[in-house]
Amino acid sequence: MSGVTDPASPYFKDGQWGWDGTVWRKLPLVWGYYDRYAERVVDDTADAGTNWVSSTVVPAGSVYVVQALAAVDLTSAMTSALLSAIDGTYGYNLAVAGALAAGVPILWSGEVVLKQGDQITATYRGCTLNDDLELMVWGYKMKIAE
């Protein structure tokens, strides 16, 4: 255990080391809160038919934990709606809804982890020209310091 009591030792750096019973090892990423993640994205010039509204992309050095989503067409009824987590290539469905009246949101709650390059997307089907669409995202941010 050489260096365990020496503050200059790498074992003390940022609390990133732990004793596993036999040897000091670098710990995995500490899962912790950095800041609230709240985003509201509005498209008030929707095309007729299918539209997509997306959150901002998770930047380098961060992880976002999404805990609640809502998407709504404030102007007209939709034929269907979809909330997805996008990993840069593929979409993973979180919630699917059939026909929704104007002002009635599709809702999702749970937990999905987004890393660099990921984002949330809402798909609105059956929109009318110039509908007002909103996507609301809630969760928290974490900084990565490895």
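Read the figures in this text as sums done on the coordinates, not as results from a lab. As the structure is a prediction and not an experimental result, all values here were calculated from the model. Because the Cβ atoms are built from the backbone with ideal geometry, glycine has one as well, and the counts that use them run over all protein chains shown.
Of note:
To keep it simple, each residue is scored yes or no on (1) in contact (Cβ under 8 Å) with a residue 12 or more places away in the chain; (2) more than 30 Å from Gln16 (Cβ to Cβ); (3) of a type in the set (Val, Ile, Thr).
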{"residue": "Arg40", "(1), (2), (3)": "yes, yes, no"}
{"residue": "Thr45", "(1), (2), (3)": "yes, yes, yes"}
{"residue": "Thr75", "(1), (2), (3)": "yes, yes, yes"}
{"residue": "Gly98", "(1), (2), (3)": "yes, yes, no"}
{"residue": "Ala101", "(1), (2), (3)": "yes, yes, no"}
{"residue": "Arg125", "(1), (2), (3)": "yes, yes, no"}
{"residue": "Tyr140", "(1), (2), (3)": "yes, no, no"}
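- Set side by side, the residues Ser54, Ser62, Ser84, Ser80 differ, and just one is among the hydroxyl-bearing types (Ser, Thr, Tyr), farther than 27 Å from Gln116 by Cα and surrounded by 13 or more Cβ atoms within 10 Å (Cβ to Cβ), which is Ser80.
- Residue count for the stretch 101-122, restricted to those that are over 9 Å from the mean Cα position of the chain (by Cα) and assigned to a loop (DSSP other than H, G, I, E, B): 7.
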